[in-house]
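Chemist: Structure in C-alpha cells, see below.
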Amino acid sequence: MKAATTAADAVQEATDVEAAAREAEATRIEQDTEVGIIAARLKAIQEQEALKRIETQRTQSDQTAQEIRDLIARAQEAFTAGDEARAVSSGREAAVKLLDSHGTWTRQAAEFALAAGDYEILNWIDVDRPAAQRQDDRETVLALAEMAAPDVAAGAHVALKSQDPDAASQFLEQGVTDTSVEENRVKVFTILGQQPGPAVKAKAEAALADGSPTALFNFLSTEYVEAVKEDDTVEVFKILNTGGAYLRSAAKVVLEGSALMRRSFIANDQFNVARLDHDAEAHVAAIRAAIAHAAQIAQRALEDAARAAKAAADARKAAAEAADWARKADDYATAAGAAPPRPARTPRRPTRRPPRPPPPRSGPRAPPWWRGPPHGPRTTP
C-alpha cells in the first residue's frame, strides 16, 4: 500500500508542477506582450512622424509651387500692363524660387535671367520661361514614351508628334490618367481576384462601377492603401478573439503598432506565430496525457493494494475492515476511469526442442550428438 500511495503522491506532484509551468508560461507571455506593446507604440510614433513629415513636405512643395505660379502670374500681368518695375520684381522672385526646379531647361533659364539684367528678366517672363517649361514637359513625356505601359506610351507618342506647343503639358496633366485607364482597370480586377477584405472589395467595386479614369486612378493611388489598413485592423481583431495564447499576444502588440506591422502580421507573421501555438498545444497535450496515464496506473495500484488488504482482512475475519477496504478499492477503480479491464495472465507453456533429424544411412554412421567426434587410430611418425 505504501508504494502505491507514493506513486499517487508523485502523480499529484507532477500535476502541480504542470499547472505551475502553465501559469509561468502565461506570465511570461504577458510580460513579453507588455514589452512588445511598448516597442510597437514607438514604431507607431515613428510612422506617424514620418507621415507627418512627408505631408509637411508635400504641403510645402505645393505651397511653393503655388507661390511660384502666383509670382509668375503677377509678373505677366504687370508686363502686360506695362509696369516693368513690378514685373521685374515679381519675375526675379519667381526665378529665384525656380533655381531648385527639377526641370533642367527651367532651371537653366532662371539662372541665365538672374545673371543678366532687367531686360533678360522681362524676356524670361514673356518668352524664355514658357519655352523652357514646354521643353521640360516634352522630355518628361519622352521618358514616358520609352518606359511606360503600352497605352500610356502610345499616348505619349501622340503628344510628342502633335503640333500644339502645349500638347506635352496637357498630356502630363490629364492624358496620363486617361490613357492608363485600361491598365488601371486590369489592376483593379487583379486585386479583386486576390480575395481582398470587405473594405478593399467595396472600394474596388465602386471604382469599377464608376469606370472613369479618375476614379480608377484615385482608387489605386490613395483609396486602396487606406482600405487595406482598415481590413488589416479587422483581421487582427478576429485573431485576437479566436487565436491561441501566442497569437493573441501578437495581435495585442500589432494593434498598438504601425500599419506596416499589421500588414506584415496579416500577410506573413501570423502563420509563424500560429505554429508556435500549435507546438505549445501539442506539448501540453503530451504532458497531460502522460500524467493522466501515470495517474491511472497509480489508481490501479491503489486498487490492487486495497483488494489485497481486503483479502487479508477477510482472512482475519475482520468484516468491518474488509468492507472498508472493499469500498476503497471500488473508489480507486472509479478514479482510474473507464480503462479496459486488464486481461488475466496465462502461464506460458514450455517449448520443446524439435527432434534432431535422423542421420543419413549412406556413408559412415555419424556419432551421437552427445558425444565428441571419433578419434581415428594414432599413427607414429
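Every number here is computed from the coordinates shown, using simple stated rules; none is lab data. Owing to the predicted nature of the structure, the values given are computational and were not obtained by experimental measurement. Cβ coordinates were reconstructed from backbone atoms using ideal geometry, including for glycine residues, and neighbour counts include every protein chain displayed.
Chemist: Any idea what % of Cα-Cα pairs in segment 97-168 are farther than 19 Å?
Modeler: 42
Chemist: Could I ask something else about it? Using Cα positions and a limit of under 17 Å, work out the lysines in reach of Lys187, with same-chain residues fewer than 8 apart set aside.
Modeler: In chain and number order, the partners are Lys201, Lys203.
Chemist: With a Förster radius of 41 Å, plug the Cβ-Cβ distance of Asn123 and Met147 into 1/(1 + (r/R0)^6) and report the FRET value to the nearest 0.05.
Modeler: Computed FRET efficiency for Asn123 and Met147 comes out at 0.75.
Chemist: Please list, or write none, the aspartates and glutamates whose alpha carbon is within less than 19 Å of the alpha carbon of Lys161, excluding same-chain residues fewer than 8 places away.
Modeler: The qualifying aspartates and glutamates are Asp136, Asp137, Glu139, Glu146, Asp151, Glu173, Asp178.
Chemist: In a solvent-free Debye calculation with one equal scatterer on each Cα, what is log10 I(q)/I(0) for segment 181-242 at q = 0.16, 0.19, 0.25 Å⁻¹, listed in the order of the q values?
Modeler: Listed by q, the Debye log ratios stand at -0.48, -0.64, -0.97.
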